[in-house]
Amino acid sequence: MEEKNKYKLQHDRPNCIGCGACEAVAPELFEMKDDGKVQLKTGKEAGNGIWGLEILEKDFQAAKDAADSCPVNVIHIIKTDTNEKIV
Ligand code: SF4
């Protein structure tokens, strides 16, 4: 069955304080870089430091756990079809 309900995962990298919490709960999505901030492993930077990655339902829980773990709330999840901001 084809997966539905795509989401956009966003990471405001300039405001990441590099605590590593998101990488600890979702290492498949985030990895720490040499500059001391995490980065979306397969995302794209939009030109303003905000990284984005389209994710499927199967990755939603990991993304949500990462967003919930972030002490400075720089990880967001947006539902693609409705633009509803979930986190
Ligand atoms: S949890 Fe937030 S502040 Fe910590 S590394 Fe991840 S994005 Fe950066």
TODO: Specify the residue that is surrounded by the fewest Cβ atoms within 10 Å (Cβ to Cβ); the eligible residues are those in segment 5-23 that are more than 6 Å from the ligand (Cβ to nearest atom), of a type outside the set (Asp, Glu) and in a helix (DSSP H, G or I).
DONE: Pro14
- [ ] Test each condition in (1) in a helix (DSSP H, G or I); (2) at pLDDT 95 or above for Asp34 and report the one that comes out false.
- [x] (1)
TODO: Output the residue which, of all residues in segment 36-68 that are of a type in the set (S, T, N, Q) and out of contact with any strand residue (DSSP E or B) (no Cβ under 8 Å at 6 or more places or on another chain), is nearest to Val25 (Cα to Cα).
DONE: Gln61
Open item on the list: If I ask for residues that are farther than 22 Å from Lys85 by Cα and either of a type in the set (Val, Ile, Thr) or surrounded by fewer than 13 Cβ atoms within 10 Å (Cβ to Cβ) (or both), which ones from segment 32-50 would you list?
Closed with: Lys33, Asp34, Asp35, Gly36
Open item on the list: Being part of a loop (DSSP other than H, G, I, E, B), modelled with pLDDT of 95 or more and among the small types (Gly, Ala, Ser) is the requirement here; does Gly47 meet it?
Closed with: no
Open item on the list: Condition first: more than 6 Å from the ligand (Cβ to nearest atom) and of a type in the set (Gly, Ala, Ser). Now tell me which residues in segment 66-87 satisfy that.
Closed with: Ala66, Ala67
- [ ] Please go through segment 24-58 and pick out each residue that is touching a residue at least 40 places away in the same chain (Cβ under 8 Å) and either of a type in the set (S, T, N, Q) or within 11 Å of the ligand (Cβ to nearest atom) (or both).
- [x] Ala24, Val25, Ala26, Trp51
Open item on the list: Which residue is farthest from Ile78 (Cα to Cα), if the candidates are limited to segment 1-18 and must be basic (Lys, Arg) and modelled with pLDDT of 95 or more?
Closed with: Arg13
Open item on the list: Please determine whether any residue of segment 67-75 is closer than 17 Å to Tyr7 by Cα and part of a loop (DSSP other than H, G, I, E, B).
Closed with: yes
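The values are calculated or read from the model by the stated rules, or taken from the named source; none is laboratory data. Remember, it's a predicted structure, so these values are computed and weren't measured experimentally. Here Cβ is always computed from backbone atoms with ideal geometry, including for glycine, and neighbour counts include all displayed protein chains.
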